[in-house]
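Undergrad: Following this message is one structure expressed as structure tokens.
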Amino acid sequence: MADLLISSISLPFYTVYTLMDFTWPFGYAFCKMYMLFDFTLCFETIVLMLIISVDRLLMITLGPSYAVQITKKVGVAQVCVSWVVSFLVYGPAIIGYNYWTGESIVEDMDCDTGFANDHVFTTITAFIEFGLPFVCMTIINWLIFVQIRTRIAVGPAQRNARVKQDAQNESHGVDEEGPTVADSTDSDQRLTKAAKFLAMLVVAFLIFWAPYTITTIIISFCEDCVNKSLYEFFNFVLWMKSTVNPFLYAYNSPRYRKHFKTFLTLNGRLFKTCRNPPANEDSTRVQTNVSVA
């Protein structure tokens, strides 16, 4: 939803703003609302990546108790808190920065944040928005990698023990249910794929967000030190991350792929309508065929 809202709110209006030579025709109040949505949505996509990374780490470390502790209510609470946090990072400053300072640097027919030239505020928020999440996701992914390597290293010994136990049970005529060798191997493969997926998220985050964040900090210190067209290009590159995210999720998660297809086809009703024409249409075809015969 966050990626979809970015594509339907952030990109269209800013494209008009860019094509009109950075002239904002939608008014001051709507500019405030637009920036509030844009900054909140962009930061929300980052917080959700952090939640996904932490969730995968808990899935590995908690083991069987994961499903008991991380319930649907916990997941909903995490997402709700993430939206509140995303709003609080930039929302108050976007709404009231010019009132706090008693002046506004935004010119008429322009749409920009009041703190664009405040290098202290910009540097701090850039660290919160990019630096801290990148470090956290890198550490979490390293911990996941270590956990998976440890689990895979121990796996052969456990599988050999399981094979011996199965052989003994079979010789004594005992039918004991439990995780099989195939189940253990499949679990290791899923964990390895999950780790690669999280690594792809971190790399994509670095590629799409680093240019914008670095140039934003530079501009706060020296407005003329970065070419404006280049900076706007980096802005669009940042938004394009929301185009890549769904494909990354769908490529690495069959469950996400299933739900993504469900949403896009309106729970399958689109294809069902195409395959099964209305009853009156079928009857018309039958009557036509009979008359022709």
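Bear in mind that the values in this text are calculations on the coordinates, not laboratory data. This is a predicted model, so every value here is computed, not measured. Note that each Cβ is placed from the backbone with ideal geometry, even for glycine, and that neighbours are counted across all protein chains shown.
Undergrad: First check a/c for the stretch 1-140, with a ≥ b ≥ c the square roots of the eigenvalues of its C-alpha gyration tensor; if it is under 1.5, answer rounded, and if not, answer prolate when a/b is larger than b/c or oblate otherwise.
TA: Prolate, because a/c is 1.5 or more and a/b exceeds b/c.
Undergrad: What is the spin-label model distance, in nm, from Phe22 to Leu58 if the labels are put 7 Å beyond Cα along the C-beta direction?
TA: Inter-label distance under the simple model: 4.4 nm.
Undergrad: Here is a follow-up. What FRET efficiency do you get for Asp108 and Ile207 if R0 is 25 Å and r is their Cβ-Cβ distance, rounded to the nearest 0.05?
TA: According to the calculation, E is roughly 0.10.
Undergrad: Here's something else I'd like to know. Report the label-to-label distance for Ala153 and Phe30 in nanometres (one decimal), using points 7 Å from each Cα along the Cα→Cβ vector.
TA: 6.0 nm
Undergrad: Which far-off residues, 5 or more places away or on another chain, put their amide H under 5 Å from the one on Asn117, with H placed in the peptide plane?
TA: Excluding prolines and chain starts, which carry no amide H, there are no hits.
Undergrad: OK, next. Which pairs, out of Lys32/Lys72; Lys72/Lys258; Lys32/Lys228; Lys196/Lys228, put more than 27 Å between their alpha-carbon atoms?
TA: Numbers: Lys32/Lys72 35 Å; Lys72/Lys258 18 Å; Lys32/Lys228 21 Å; Lys196/Lys228 36 Å.
From Lys32/Lys72; Lys72/Lys258; Lys32/Lys228; Lys196/Lys228, over 27 Å: Lys32/Lys72; Lys196/Lys228.
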